[in-house]
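Visitor: Mind looking over this structure? Questions follow.
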Amino acid sequence: MGRRPARCYRQIKNKPYPKSRYCRGVPDPKIRIYDVGAKKASVDAFPLCVHMASWEKENVSSEALEAARIAANKYMVKYAGKDAFHLRIRVHPFHVLRINKMLSCAGADRLQTGMRGAFGKPQGLCARVAIGQILLSIRCRDTHSQVAQEALRRAKFKIAGRQKIVVSRNWGFTKYAREDYKQWKQEGRLTHDGVNAKLIQNHGRLNAKVAEGINVFETPAMDKKVPLHGGA
């Protein structure tokens, strides 16, 4: 028996049903890789970030996420280069989908029980997403902005419902605005943390900071700027 179409499981109805010691025999999700491209590139390498955000509250199957990842990755590799971007899937499929298998052979009415004991067996996995939640993100250079937006536009066709493509005001995958990032980097307030960056504040013991060679600043870095749209 093949997979049911995604419209059967798209609506969020009940509580989350994750894999557990009670819910056994769950198949592996179709998506196994969540970061592709130059995933080890420094935070300074890719200043631009483009997001694809969900515009509906729905379930997104692991098959759809894998198809979207392949479509976006293939377009970026072709038109930007395999080392010119970093694509990240931002949602993980933890919710288990069930199916109550029905027999369709001759004499099935004598064997099956119909709606009696209709709690199904695990069939697949999906991610429960909210309105405005980011599904995919691509960080790249400013010259590849249009390529990244087109890659995510093509990935939209693999996922049910409506999505929006947003060019972020932040630097790469960090939570800091680009203007603030440049200023704080110039002042020496930032330390690299893989694909992210940490802001050095004045909290903590001064003698420990001096021993580690960390700068101590007169004024705090954050000036209570409130980003729009949740900092996307």
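The values are calculated or read from the model by the stated rules, or taken from the named source; none is laboratory data. Quantities reported herein were computed from a predicted structural model and do not represent experimental measurements. In this analysis, Cβ positions are derived from the backbone assuming ideal geometry, glycine residues included, and neighbour counts consider all displayed protein chains. When the accessible area is computed, the model is the full protein with side chains, heavy atoms only, and any ligands, DNA or RNA have been set aside. Shrake-Rupley method; radii C 1.70, N 1.55, O 1.52, S 1.80 Å.
Visitor: Report whether or not P122 is modelled with pLDDT of 90 or more and either open to solvent by 60 Å² or more (accessible area, probe 1.4 Å) or part of a loop (DSSP other than H, G, I, E, B) (or both).
Guide: Criteria not met by P122.
Visitor: Residues being assigned to a loop (DSSP other than H, G, I, E, B), open to solvent by less than 100 Å² (accessible area, probe 1.4 Å) and either touching a His at 6+ places or on another chain (Cβ under 8 Å) or of a type in the set (K, R) (or both): count how many of those fall in region 1-18.
Guide: So the answer is 4.
Visitor: Taking the residues in region 19-40 that are buried (at least 16 other Cβ atoms within 10 Å of the Cβ) and of a type in the set (G, A, S) as candidates, determine which candidate is nearest to V91 (Cα to Cα).
Guide: Result: G37.
Visitor: In region 46-87, how many are open to solvent by 40 Å² or more (accessible area, probe 1.4 Å) and farther than 30 Å from R7 by Cα?
Guide: The total comes to 5.
Rundown of residues vs (1) in a loop (DSSP other than H, G, I, E, B); (2) within 14 Å of I159 (Cα to Cα); (3) not β-branched (V, I, T), yes/no style:
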residue	(1), (2), (3)
S20	yes, no, yes
C23	yes, no, yes
V43	yes, no, no
K82	yes, no, yes
R88	no, no, yes
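Visitor: Right, K198: surrounded by 10 or more Cβ atoms within 10 Å (Cβ to Cβ), modelled with pLDDT of 85 or more and assigned to a strand (DSSP E or B) or not?
Guide: yes
Visitor: Limited to region 149-190, what total is found for residues that are more than 21 Å from W55 (Cα to Cα) and either of a type in the set (D, E) or open to solvent by 60 Å² or more (accessible area, probe 1.4 Å) (or both)?
Guide: Residues that pass the stated criteria total 8.
Visitor: Another question about this same structure. Listed residues S42, S104, S54; which is out of contact with any helix residue (DSSP H, G or I) (no Cβ under 8 Å at 6 or more places or on another chain) and modelled with pLDDT of 95 or more?
Guide: After ruling out the rest, the residue left standing is S54.
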